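**Student:** The structure follows.
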């Protein structure tokens with residue numbers, strides 16, 4: 001018996017809803033992970049998968065000290081470092097949510113496998129790869145703990161998380177198309193797709209690379225304190241100069257990040273203008289330009305937030321809320337551009353201009 005197209009069911013009963021729900025859950029985990037970094041609690045569970053040799057998060061300072069003395073695996077901040085219950089909890093709940101993610105990811109694969117006649121072998125492979133990527137992400141989390149939240153490990157962890165969300169949203173859109181969704185954005189002239197697909201790939205990739213660079217900068221002691229703080233010497237200047245000396249590695253990292261943010265922001269603005277122009281010429285749905293509109297707005301807001309972060313920061317006491325907002329806006333910009341890229345990739349090829 002052929003499967004009934006899920007388009008005939010309520011949205012919450014459609015198989016395509018599951019990957020979208022997993023993507024939203026993964027975004028929540030990214031926010032929790034950002035909170036961990038902001039509170040400098042990445043080593044609050046120094047072992048993995050346990051936490052100070054236990055499966056809970058309530059570990060007194062005395063018990064922390066006993067564990068350090070027994071294992072001689074002291075915190076990178078020194079043998080006297082101790083964590084609050086809240087700091088341990090956010091790391092603990094981050095691991096718990098990441099572990100629970102395996103259940104819906106497995107269910108997603110089994111549902112697609114059961115309906116492979118409808119969704120096709122490609123989506124079966126994609127859903128299986130999602131499970132592999134989740135496993136790799138878990139390993140990356142263990143590596144992050146093992147190397148005491150080194151800047152490169154934090155950047156790797158965030159990059160894999162963004163790829164995980166990207167694939168899930170791609171699967172959702174692909175499934176909705178197969179289910180018979182009549183979204184107008186799926187239909188574009190061939191000439192528009194040929195002109196804009198490369199632009200979307202470059203812009204999306206550029207945002208992603210700068211997002212990862214930002215994670216590296218924020219996790220690096222030298223990058224985090226490369227420029228002086230306050231306005232205007234810390235931002236928009238650096239060390240009180242528009243073009244500071246790059247002999248200091250921290251200054252170099254900061255300036256590369258800032259220059260990259262400016263270049264990508266300018267490219268987004270010019271890209272939006274070009275997409276809108278081509279959309280008018282092709283008389284197509286305006287959604288493609290709106291995705292870049294959103295990515296640009298998120299990006300410009302993030303530049304402002306990044307500036308405030310430096311202006312209001314005090315050495316060793318950075319504004320936690322601004323730092324978390326900086327991460328969320330960066331990820332939102334990447335996803336906005338990504339979704340436009342996905343729709344363009346899956347749009348009907350070969351459609352001619354009217």
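**Student:** Given the residues 88, 143, 103, which is the only one that is without any contact (Cβ under 8 Å) to a residue 60 or more places away in the chain, closer than 27 Å to residue 31 by Cα and touching a strand residue (DSSP E or B) at 6+ places or on another chain (Cβ under 8 Å)?
**Tutor:** The match here is 88.
**Student:** Related question: What are the residues in segment 179-202 that are assigned to a loop (DSSP other than H, G, I, E, B) and surrounded by fewer than 18 Cβ atoms within 10 Å (Cβ to Cβ), if any? Can you show your working first?
**Tutor:** Within segment 179-202, the first condition is being assigned to a loop (DSSP other than H, G, I, E, B), and the residues that meet it are 179-183, 187-189.
Hits for segment 179-202 are 179, 180, 181, 182, 183, 187.
**Student:** Report yes if residue 107 is part of a helix (DSSP H, G or I) and more than 18 Å from the chain's Cα centre (by Cα), otherwise no.
**Tutor:** For residue 107, the condition - part of a helix (DSSP H, G or I) and more than 18 Å from the chain's Cα centre (by Cα) - is met.
**Student:** So which of 90, 112, 132, 143 is exposed (fewer than 12 other Cβ atoms within 10 Å of the Cβ) and outside any loop (DSSP other than H, G, I, E, B)?
**Tutor:** Sole residue among the options that is exposed (fewer than 12 other Cβ atoms within 10 Å of the Cβ) and outside any loop (DSSP other than H, G, I, E, B): 132.
**Student:** Let me ask something else about it. For segment 23-34, indicate whether the set of residues that are loosely packed, with under 15 Cβ neighbours inside 10 Å, at pLDDT 90 or above and out of contact with any helix residue (DSSP H, G or I) (no Cβ under 8 Å at 6 or more places or on another chain) is non-empty.
**Tutor:** yes
**Student:** Given 192, 164, 172, which one is within 24 Å of residue 340 (Cβ to Cβ) and not assigned by TED's automatic domain parsing to the domain that holds residue 77?
**Tutor:** 192
**Student:** At pLDDT 70 or above, part of a loop (DSSP other than H, G, I, E, B) and surrounded by 18 or more Cβ atoms within 10 Å (Cβ to Cβ) - does that describe any residue in segment 203-211?
**Tutor:** Restricting attention to segment 203-211, the residues satisfying the condition of being at pLDDT 70 or above are 203-211.
Checking the rest, the ones that are also part of a loop (DSSP other than H, G, I, E, B) come to none.
Within segment 203-211, not a single residue is at pLDDT 70 or above, part of a loop (DSSP other than H, G, I, E, B) and surrounded by 18 or more Cβ atoms within 10 Å (Cβ to Cβ).
**Student:** Any chance you could count how many residues in segment 66-76 are exposed (fewer than 14 other Cβ atoms within 10 Å of the Cβ), in a helix (DSSP H, G or I) and without any contact (Cβ under 8 Å) to a residue 24 or more places away in the chain? Walk me through it before giving the result.
**Tutor:** Initially, segment 66-76 is screened for residues exposed (fewer than 14 other Cβ atoms within 10 Å of the Cβ), giving 69-73, 76.
Imposing the further condition that a residue be in a helix (DSSP H, G or I) reduces the set to 69-71.
This time we only want the ones that are without any contact (Cβ under 8 Å) to a residue 24 or more places away in the chain, so: 69-70.
Here the count works out to 2.
**Student:** Looking at (1) assigned by TED's automatic domain parsing to the domain that holds residue 37; (2) not in a loop (DSSP other than H, G, I, E, B), which is the only condition residue 83 fails?
**Tutor:** Checking residue 83 against (1) assigned by TED's automatic domain parsing to the domain that holds residue 37; (2) not in a loop (DSSP other than H, G, I, E, B), the one that fails is (2).
The values are calculated or read from the model by the stated rules, or taken from the named source; none is laboratory data. Just so it is clear, the model here is predicted, and its values are computed rather than measured. Note that we place each Cβ from the backbone using ideal geometry, even for glycine, and neighbour counts take in every protein chain shown.
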